[in-house]
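The values are calculated or read from the model by the stated rules, or taken from the named source; none is laboratory data. Remember, it's a predicted structure, so these values are computed and weren't measured experimentally. Ideal geometry is used to build each Cβ from the backbone, glycine not excepted, and the neighbour counts take in all protein chains shown.
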């Protein structure tokens with residue numbers, strides 16, 4: 001599948017180059033979610049707030065804005081894409097959006113940026129194993145905190161710096177107890193900000 005994507009993108013790039021339009025074309029390569037391949041004891045489920053599915057690729061090529069060969073570290077979201085593409089196309093955005101333009105990240109001029117992102121999932125019946133596992137979660141630069149809506153008292157907290165594979169749930173530990181108020185507060189802030197769109 002990845003080879004097919006690479007080959008198809010290569011053909012598009014070659015065609016744009018042959019037409020002299022490559023450097024004036026915005027190319028964005030991304031995905032809607034990742035998959036589990038045994039991580040967390042999961043296989044086909046892909047709706048949970050773990051890194052394997054929540055982090056997705058994003059490659060942007062547009063020499064007028066994006067600096068070639070850079071890998072920005074800022075946290076971005078798919079809700080940023082509309083504002084970004086409109087900005088790069090020089091179109092004035094007249095719609096109120098929750099996302100923001102990534103142009104400052106792409107051109108290296110960003111001095112401040114978000115330090116957390118909000119993730120949410122509403123239960124569906126596609127995968128019986130994840131039935132009643134809707135959640136609200138926050139991913140900060142260091143932690144992932146997950147609260148399951150239909151499972152009272154079910155929460156997860158991971159320190160991504162010390163535990164990048166998210167196998168050591170800190171809930172109910174002394175260390176976790178000291179972190180939870182901070183990440184819970186951040187989650188509540190992000191939920192309030194998302195309310196108009198809910």
Determine, yes or no, whether residue 123 is at pLDDT 95 or above, closer than 24 Å to residue 186 by Cβ and either out of contact with any helix residue (DSSP H, G or I) (no Cβ under 7 Å at 6 or more places or on another chain) or surrounded by 17 or more Cβ atoms within 10 Å (Cβ to Cβ) (or both). no
Looking only at region 50-66, which residues are over 15 Å from residue 29 (Cα atoms), in contact with a helix residue (DSSP H, G or I) (Cβ under 8 Å, 6 or more places away or on another chain), touching a residue at least 40 places away in the same chain (Cβ under 8 Å) and surrounded by 14 or more Cβ atoms within 10 Å (Cβ to Cβ)? 50, 65
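Kindly indicate whether residue 73 is assigned to a helix (DSSP H, G or I) and free of Cβ contacts under 8 Å to residues at least 60 places away in the same chain. Outline the logic, then answer.
Details: assigned to a helix (DSSP H, G or I): no; free of Cβ contacts under 8 Å to residues at least 60 places away in the same chain: yes.
Against the criterion (assigned to a helix (DSSP H, G or I) and free of Cβ contacts under 8 Å to residues at least 60 places away in the same chain), residue 73 does not qualify.
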Could you tell me whether residue 45 is modelled with pLDDT under 90, in contact with a helix residue (DSSP H, G or I) (Cβ under 8 Å, 6 or more places away or on another chain), over 23 Å from residue 115 (Cα atoms) and not in a strand (DSSP E or B)? yes
